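J.: The structure follows.
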Amino acid sequence: MATNRVKNSRVAPVILAGALAVLLAGVLLFPGCGEREQVRDDALARVGETVLKLPEFNELFELAEAGFSGYGLGYTANRKESRRQFLNQLVEEMFVLEYARVNGLVLTPEALQKAEQGIWRDYTFVNPDDPILGKDKAGEEQEQAAPQDLTEPPEAFVSVLRDQALTFQLWEKGLARRLLLEQAISREMDGRVQVSEEEIKAYLAENPVIPQMRPEEDTAYEKSEAPEGEDAPEPKGPSLEEQKRIARKVLEAQKAQDEYAQWLLELKERFPVSVRPDLL
């Protein structure tokens with residue numbers, strides 16, 4: 001049976017992106033804070049030796065409110081409920097962070113810098129017509145800088161943080177946390193997610209791709225001078241290879257979430273967890 005393994009760099013972001021959706025749907029792996037052992041110190045939550053205190057929780061909640069990548073808040077008019085939901089998300093992550101600690105996984109300064117430079121690069125292109133950022137360079141052709149050439153965040157990036165009332169230090173702390181989570185998830189998930197050609201065929205049989213008219217075909221149809229009554233050409237859909245690629249991506253995402261959920265259950269059995277939701 002032919003199978004396709006998912007590479008590390010693809011699994012972790014998919015899992016982290018889907019984890020919040022699972023939480024907000026109410027399918028919590030750790031459904032009620034009352035079911036967990038209550039801690040007796042000033043820690044808001046503790047998983048093994050990984051500790052979350054209220055100041056750190058507040059910082060991460062601030063990032064979530066600002067829409068920091070990887071975090072998000074479900075719609076609720078009750079701020080206390082939002083914080084409780086977010087605590088559930090962080091407790092889930094703490095199991096992964098404890099796994100990282102036990103296995104000696106650390107984020108190197110070089111890895112953090114490389115990730116930062118990759119993000120900053122998206123902020124180095126300045127539209128000359130931009131009324132703010134481009135006003136001093138109107139008429140000049142702007143190009144994106146090579147990531148390795150960026151030794152500090154560009155002004156456009158700093159401006160975005162400023163608009164969101166976030167400090168660079170807080171943003172960097174949140175990024176480092178996400179990167180370590182991805183590193184730990186990748187280490188464990190590599191090889192777990194496999195999709196066979198038979199599964200792809202079965203998926204396409206149950207979920208046929210509906211052909212959609214491409215932009216150039218749509219334009220050609222509108223300008224067509226064919227006699228009235230003649231059949232217009234059928235719109236072309238994705239090629240078979242493109243359909244397979246889409247199907248594989250969908251199946252990989254589904255399997256990654258299933259494997260991640262199972263892994264978290266294994267970690268829950270392995271590491272003791274305790275919380276104090278009354279501190280929120």
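J.: Compute the distance in nm between two label points, each set 7 Å from the Cα along the Cα-to-Cβ direction, one at GLN254 and one at ASN103.
T.: Here the modelled spin labels are 2.6 nm apart.
J.: Go through LYS53/LYS80; LYS53/LYS255; LYS114/LYS249; LYS53/LYS249; LYS114/LYS268; LYS80/LYS173 and tell me which ones have a Cα-Cα distance over 28 Å in this structure.
T.: Exceeds cut-off: LYS53/LYS255; LYS53/LYS249; LYS114/LYS268.
J.: Distance in nm between label sites at LYS173 and ASP42, each 7 Å beyond Cα in the beta-carbon direction?
T.: 1.5
J.: Take each of the peptides 246-256, 50-60, average the number of other beta-carbon atoms within 10 Å over its residues, and list them starting from the highest.
T.: Ranked by mean Cβ neighbours within 10 Å, highest first: 246-256, 50-60.
J.: Between GLU206 and LYS80, what length comes free when the chain is fully extended (0.36 nm per residue of separation minus the Cα-Cα distance, one decimal in nm)?
T.: So the chain would gain 41.1 nm between GLU206 and LYS80.
J.: Would you kindly state how much longer the chain becomes between LEU161 and GLU198 on full extension, computed as 0.36 nm times their sequence separation minus their alpha carbon distance, in nm to one decimal?
T.: Using 0.36 nm per residue and subtracting the Cα-Cα distance, I get 8.6 nm.
Quick note: the coordinates plus some simple rules give every number you see, no bench work behind them. All values derive from a computational prediction rather than experimental measurement. Here the Cβ is made from the backbone with ideal geometry for all residues, glycine too, and neighbour counts use every protein chain on show.
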